[in-house]
Amino acid sequence: MLVNLQKRYLVRTASLSSFVRNLKRRLRLGIQEFNICFVDDKVIRNLNLTFRRKDKATDVLSFPWNEAAGPLQARRRPSSRRRRRGGITNFLGDVVISVQTARRNAGEEGHSTLNEIRWLILHGVLHLLGYDHEHDTGEMMALELALREQLGVAGHRRKSKSKGKTQKSKVKAGII
């Protein structure tokens, strides 16, 4: 489910729904589901402070429903994650994305906001599956880069040569 709770930018969910279907197919998630919620910087900053004790806006946060399964279990056998919690089965969790931060990041990196949001969805879903780039030895990043290429959103972050200079996004103002 895609939910847009921010009002600043129009988010075209049709192309993102197609991307999510393709992502689910690539990850062999079958009937497993997750939510994607689009918010503004204020909301994600509050979530980041509440759940991670970091008082700043971020681009994406993931809230796994069941943190017991590890990434290899989820990747190889999605049915192994079919556990019941509060009467809900096959639910991975929620991915929350700040559209404001995604738009800013895209402008700084020189690609579209839509591409940035697709990257963030992919990144967030991998976290829901138990991957953790902060504690693994590169498995999550390798998988993420491979999936980006397979899903047609390949690309790499540019290293900024000078601080303060950014490129403007090629996306029409206010529409993603």
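The values are calculated or read from the model by the stated rules, or taken from the named source; none is laboratory data. Quick caveat: nothing in here was measured; it's all calculated off a predicted structure. Cβ atoms come from the backbone with ideal geometry, glycine included; neighbour counts cover every protein chain shown.
The table for this structure:
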item	result
Of all residues making up region 80-92, the number that are of a type in the set (Gly, Ala, Ser) and either more than 23 Å from ARG25 (Cβ to Cβ) or modelled with pLDDT of 95 or more (or both)	2
Set VAL171, VAL95, VAL153, VAL99: member being under 16 Å from the mean Cα position of the chain (by Cα), β-branched (Val, Ile, Thr) and modelled with pLDDT under 90	VAL153
Test result for GLU134, out of contact with any Gly (no Cβ under 7 Å at 6 or more places or on another chain), among the charged types (D, E, K, R) and more than 21 Å from ASN4 (Cβ to Cβ)	yes
Test: residue in region 109-123 that is touching a helix residue (DSSP H, G or I) at 6+ places or on another chain (Cβ under 8 Å), under 19 Å from LEU47 (Cα atoms) and not aliphatic (A, V, I, L, M)	yes
THR50 being surrounded by fewer than 16 Cβ atoms within 10 Å (Cβ to Cβ) and among the β-branched types (Val, Ile, Thr)	yes
Within region 1-37, considering residues that are without any contact (Cβ under 8 Å) to a residue 12 or more places away in the chain and buried (at least 16 other Cβ atoms within 10 Å of the Cβ), the one nearest to ASN115 (Cα to Cα)	THR13
